[in-house]
1. Add -39500 (n - 2.57) for each DSSP H run of 4 or more in the chain, then divide by its residues: what number comes out at 222 nm, to the nearest 500 deg cm²/dmol?
2. Take every Cα-Cα pair in region 105-234 and report what % of them are more than 26 Å apart.
3. Given 0.36 nm per residue, what is the gain on full extension from Ser288 to Val312 after removing their alpha carbon distance, in nm?
4. List the residues of region 287-324 whose backbone N lies under 18 Å from a point placed 7 Å from the Cα of Leu214 along the Cα-to-Cβ direction.
5. If the viscosity is 0.890 mPa s and the temperature 25 °C, what translational diffusion coefficient in µm²/s does Stokes-Einstein give for region 373-483 when Rh comes from Kirkwood over Cα pairs?
6. Can you work out the FRET efficiency for the pair Glu171 and Lys198, with r the C-beta to C-beta distance and R0 = 51 Å, to the nearest 0.05?
7. Restricting attention to the chain, give the cysteines that have no other cysteine Cβ less than 4.7 angstrom from their Cβ.
8. What order do you get for Asp184, Asp189, Asp133 when you list them from fewest to most C-beta neighbours inside 10 Å?
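What follows is calculated from the coordinates using simple rules that are stated; it is not laboratory data. These numbers were taken from a predicted model, which means no experiment stands behind them. Neighbour counts are summed over all protein chains in view; Cβ atoms, including those assigned to glycine, are modelled from backbone coordinates with ideal geometry.
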Amino acid sequence: MSGGATLSRRAFLGAAALGAGAALAPSRVSVARTPAAFVPTKTLTLASGEMDFRLLGADRPATRIYAYDGIPFQELRLPRGTRLEATFENGLDEGSTVHFHGIRMPNEYDGVPTITQPLIQPGGRFVYRIPLDDPGTFFFHPHCDETGQAGRGLVGVLVVEDPRDPTFDAEHVLSLKDWRLAQDGSFLDLSEPDGASKAGTFGATRSVNGVAALELSAPAGGDVRLRILNVDSTRIMDIGVEGAEAMLIAVDGHALPPVSLDSLPDGVWRMGPAQRIDLALRMPADGSTVTIGDYRAADIYSFATLTAQGRVKRGKPAYALPKAAIPRADLKKATRHSFTLQQATDSAVKELSLPPDDPLAKALLDSLCVGSTTYWGINQDSWPTGERRSVPPPLATMRADASYRVEIKNETRFPHPVHLHGHAFEVLSSSLDRLPRHLADTVLVQPGEAVEIAFVAAPGDWVFHCHILEHMETGMMGYFRVV
Ligand code: C2O
Ligand code: CU
């Protein structure tokens, strides 16, 4: 069995219920490969489970959140070139998988139930063998009932370090996530139809690394690196910095020639769920502060303050990271595709006719890890929800190692952060002309905007979806089959 998964009877029945559709997904046989000589391997376990965590404050009731290894926003930090061998142990009472977001890897470890692996049932395990060849700021999360599981906190940070990076005097990782909580600390519904069909169902309790705000320090005159991750299910944020000139040095982990945040529209980087940035800045004089915030709403969320303390002497700032070693598409020879993000038409909005608590209905929905209603689609088609039970044909079939230019057009009234698994793509252009050319794994496409990306296709079935988790689970997902 692929990757050493334990397939319970329930998962087996679920797979059988998929019927002919399941046959569309090629069976993935894991080939035992001898690791190349001298590739350092890091072996660890990632155990999902529940825990109590005080999100509302020390003297307020705790919340029953989900986390890996009992550490909210746990950070794995490994040197580039490591092979990560992570045994996932599912301690939740629902099926789950792990997706290492943004990492280029063999398809069989991509963590998408029904597409690349069976759903891992409660008590089950699965070994992920992940090559960490690209340095950068990444994260990992489940790929089933993500609205529920990631919404309850199940995310971890993966930093792949590059010894060739410039030296910084301080570095901070800032993981941003909102929570939907009632006064007593319990979770409110993580998805509501009005949110799922529009901008998403927002949480009102905002957090950075699980607390309301961080007070940090860094040496006066020193250089600071900030790795900022939007791990929220829904919220789009405008990240800005006051008190120092911040340089954008990486997007989704991948280096770009440093760009001053001030030179970008509104002096911020607009970041949808799943997107990450690395910023570099020089601290001001002793006692002065630098504030980092989300400036998108009138009510600014200042999530971190850096106070300058002590003093270091630094020369001229030199923040450029080593150039990313990502295969670049041949833009002249590239095959073109165009995909349109749409609101599902009324006739396409299908509700599940079996009551959702019917065991059969539940098994079907669980095995596809989707919701019961379709609100969204890509090119007039929607990922199955409700009564459509089989894995649909791919959105496109591509050739391995060939170059592709893909246009993503947004015909809806809402922005969508669109993610392609298993690749780093180049963002070539935006019809609104608001983006520098850069590498990414997720790109935010504004209403009415068309963004063009390019990549060299890697073999496998790779899902392509909106990372507003409710949008993904209500239809805005498909996949590319690369053969
Ligand atoms: Cu964070 Cu399917 O992705
Ligand atoms: Cu979306």
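1. Calculated at 222 nm, the ellipticity per residue is -1500 deg cm²/dmol.
2. 40 percent
3. Answer, rounded to one decimal: 7.2 nm.
4. 289-295, 301-309
5. The diffusion coefficient I find is 172 µm²/s.
6. The computed FRET efficiency comes out at 0.85.
7. That list is Cys466.
8. Arranged by neighbour count, lowest to highest, Asp184, Asp189, Asp133 become Asp184, Asp189, Asp133.
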